[in-house]
Number of protein chains: 2
Amino acid sequence: MKKENSENTEKQILNAAKNIFQTKGMNGARMQEIADEAGINKAMLHYYYRSKQLLFEAVFENAFSLLAPQLNTILNDDSTIEEKIKNFTYNYISFISKHPYLPNFVIQELNRNPNFVEKIQQSSAFPTLDKFNAKVEKEVKAGILKPIEGKQLFIHIISLNIFPFVAKPLIKGFLKLSDKDFKKLMEERKTEVSEFIIHSIKN
Amino acid sequence: MKKENSENTEKQILNAAKNIFQTKGMNGARMQEIADEAGINKAMLHYYYRSKQLLFEAVFENAFSLLAPQLNTILNDDSTIEEKIKNFTYNYISFISKHPYLPNFVIQELNRNPNFVEKIQQSSAFPTLDKFNAKVEKEVKAGILKPIEGKQLFIHIISLNIFPFVAKPLIKGFLKLSDKDFKKLMEERKTEVSEFIIHSIKN
DNA sequence: ATATTTGTCAACCGTTTGGTTTAACCAAGA
DNA sequence: TCTTGGTTAAACCAAACGGTTGACAAATAT
């Protein structure tokens, strides 16, 4: 009843920490609350992760490493811009619907500690825009797309896809939606958003 | 040197609280820090605002009351949809450039405490979409706009305008921008965004 | 069989935090 | 002159917090 639990406990902690940190943030989270959520003693948190800061970083890097591949796909695969937009919009909204706290958590904590960006910029497979920019420029010159800068298009795409989840309470308030309504609306956006973008940029 | 300062101190506190709360959030802010920022004694905070919670709510309502009119204009004036989009995009980006912490603060705290929405929904001049929806529908039927739902268009508009400010550190990281670069990019978006939207929806 | 390591826990520790209190001070108004 | 209201520094308080300790049992190694 030891080694089986030792691996198990560590994952239980990380999972509990994920839940608490992602809903309450670093400042709002309490070590005791994480321990309770994991159903273990508070000392165990420090036994496995030494400090709140390190536990938080484990959670954060885990969260970020889930988001980065989503972006890397659109930025670096060989499909056309139109295909990229359609795929990303569909896949990203599906993905976030399953992890609704993720984008807000990442954004909130990056705002709290902006030099965090530099840290993760080096380590993990941090997305780069070079290939995407080149592809946009190429399709613009070929007359497939109307003139647009790659970086502006990129911001358009992520704004339209991510923002509704980040501002969920606000949007629910403005549009007077229930949780179910909101989910349905996001479902519609899986195609609505890509059509909206493509309408605007395609010749 | 009494009554002049009494009003003054109250504003000094609110202003200091604004700075601290908007950068660190409710959980990250410390009463002592706010007192220091205001250059007054900590007892004064409680003298004027009784508790951290009440001081925070004063700051939050103040912040929200700055944002709401921006939306109310676009939603309720009599201009065409195209004009609404152009005006809102230009004005909103100008406005937020002067108050960069505002949208993130509001969104972060609404996520932390979603039933806050209901509170402010009653009290202040909370924006409603009815008129905007009707106008969109009318222009679609008149053939001015391509078919689109008002609520989806509304989400598009606020996403494209607000998100870049909320995700500033992320965007700075992806695009490898300095603060100056970022500001320039947002300046470009004052027209870029509205053109992008109008391209997509106009017949 | 014995010793060591590893996982776990309850209790504890020092510090920070939001909030209160006290005593004194000062300027303005009655 | 006396009261009143804004202000301060300082001490104080209880609760909450992150983190540590020491004991103990189960698993592993010798």
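Output the helices (runs of 4 or more DSSP H) that fall wholly within the stretch A:89-203 and possess 1 or more residues being among the acidic types (Asp, Glu), in contact with a Leu (Cβ under 7 Å, 6 or more places away or on another chain) and more than 7 Å from every other protein chain (Cβ to nearest Cβ), or say none. Steps first, answer last, please.
Numbers: elements: A:102-112, A:116-122, A:130-141, A:150-166, A:168-175, A:179-201.
Correct list: A:130-141.
Can B:Ile81 be described as away from every other protein chain (no Cβ under 14 Å) and either buried (at least 20 other Cβ atoms within 10 Å of the Cβ) or acidic (Asp, Glu) (or both)? For B:Ile81, the condition - away from every other protein chain (no Cβ under 14 Å) and either buried (at least 20 other Cβ atoms within 10 Å of the Cβ) or acidic (Asp, Glu) (or both) - is met.
Determine, yes or no, whether A:Gly25 is within 16 Å of DNA strand C (Cβ to nearest atom) and closer than 30 Å to A:Lys151 by Cα. For A:Gly25, the condition - within 16 Å of DNA strand C (Cβ to nearest atom) and closer than 30 Å to A:Lys151 by Cα - is met. For the stretch B:64-75, state whether one or more residues are closer than 25 Å to B:Val117 by Cβ and at pLDDT 95 or above. Within the stretch B:64-75, not a single residue is closer than 25 Å to B:Val117 by Cβ and at pLDDT 95 or above. Among residues of the stretch A:52-75 that are part of a helix (DSSP H, G or I), those with a beta-carbon under 8 Å from a residue that is at pLDDT 95 or above and among the charged types (D, E, K, R) at least six positions away or on a different chain give the pairs A:Val59/A:Lys18; A:Phe60/A:Glu109; A:Asn62/A:Lys18; A:Ala63/A:Lys18; A:Ile74/A:Lys84; A:Leu75/A:Lys131. Residue under question is B:Ile93, and the condition is that it be at pLDDT 95 or above, away from DNA strand C (no atom under 16 Å from the Cβ) and among the hydrophobic types (A, V, I, L, M, F, W, C); does it hold? Taking the combined requirement at face value, the residue satisfies it. On inspection, A:Gln32 fails the criterion of being farther than 30 Å from B:Ala29 by Cβ, within 16 Å of DNA strand C (Cβ to nearest atom) and out of contact with any Ser or Thr (no Cβ under 8 Å at 6 or more places or on another chain).
When the residues of the stretch B:35-52 are filtered to those that are of a type in the set (A, V, I, L, M, F, W, C) and within 8 Å of DNA strand C (Cβ to nearest atom), which remaining residue is farthest from the other protein chains (Cβ to nearest Cβ)? Give the steps one after another, and end with the answer.
Within the stretch B:35-52, the subset of a type in the set (A, V, I, L, M, F, W, C) is B:35, B:38, B:40, B:43-45.
Of the ones still in play, those that are also within 8 Å of DNA strand C (Cβ to nearest atom) are B:43, B:45.
Details: B:Ala43: 25, B:Leu45: 19 Å.
Within the stretch B:35-52, the match that is farthest from the other protein chains (Cβ to nearest Cβ) is B:Ala43.
In the stretch A:169-187, which residues are closer than 19 Å to B:Leu75 by Cα and surrounded by fewer than 16 Cβ atoms within 10 Å (Cβ to Cβ)? Once the filter is applied, which keeps residues that are closer than 19 Å to B:Leu75 by Cα and surrounded by fewer than 16 Cβ atoms within 10 Å (Cβ to Cβ), the stretch A:169-187 yields only A:Lys176.
For the stretch B:99-112, state whether one or more residues are over 30 Å from B:Leu153 (Cβ atoms), within 16 Å of DNA strand D (Cβ to nearest atom) and buried (at least 17 other Cβ atoms within 10 Å of the Cβ). Let's see the steps before the verdict.
Going residue by residue through the stretch B:99-112, those that are over 30 Å from B:Leu153 (Cβ atoms) are none.
No - not one qualifying residue is present in the stretch B:99-112.
State whether one or more residues within the stretch B:18-34 are in a helix (DSSP H, G or I), at positive phi and within 14 Å of chain A (Cβ to nearest Cβ). Looking through the stretch B:18-34, at least one residue is in a helix (DSSP H, G or I), at positive phi and within 14 Å of chain A (Cβ to nearest Cβ). In the stretch B:35-55, the qualifying residues are those that are over 23 Å from A:Gly28 (Cβ atoms) and under 27 Å from the mean Cα position of the chain (by Cα), and the one that is surrounded by the fewest Cβ atoms within 10 Å (Cβ to Cβ) is B:Tyr48. Condition check: within 14 Å of DNA strand D (Cβ to nearest atom) and not in a helix (DSSP H, G or I). Does B:Ile40 satisfy that? Yes, satisfied.
In the set B:Val166, B:Val117, B:Val106, B:Val136, only one residue is touching a residue at least 24 places away in the same chain (Cβ under 8 Å) and in contact with a Gly (Cβ under 6 Å, 6 or more places away or on another chain); that residue is B:Val136.
Only one residue in A:Lys18, A:Lys52, A:Lys2 is within 12 Å of DNA strand D (Cβ to nearest atom) and either modelled with pLDDT of 95 or more or not charged (D, E, K, R) (or both). Which one?
Working: A:Lys18 fails: within 12 Å of DNA strand D (Cβ to nearest atom); A:Lys2 fails: either modelled with pLDDT of 95 or more or not charged (D, E, K, R) (or both).
Within the list A:Lys18, A:Lys52, A:Lys2, the selection yields A:Lys52.
The values are calculated or read from the model by the stated rules, or taken from the named source; none is laboratory data. This structure is a prediction, so every number in the text was calculated from the model and none was measured. When we count neighbours, we look across all protein chains shown, and the Cβ atoms used for this are built from the backbone with ideal geometry, even at glycine.
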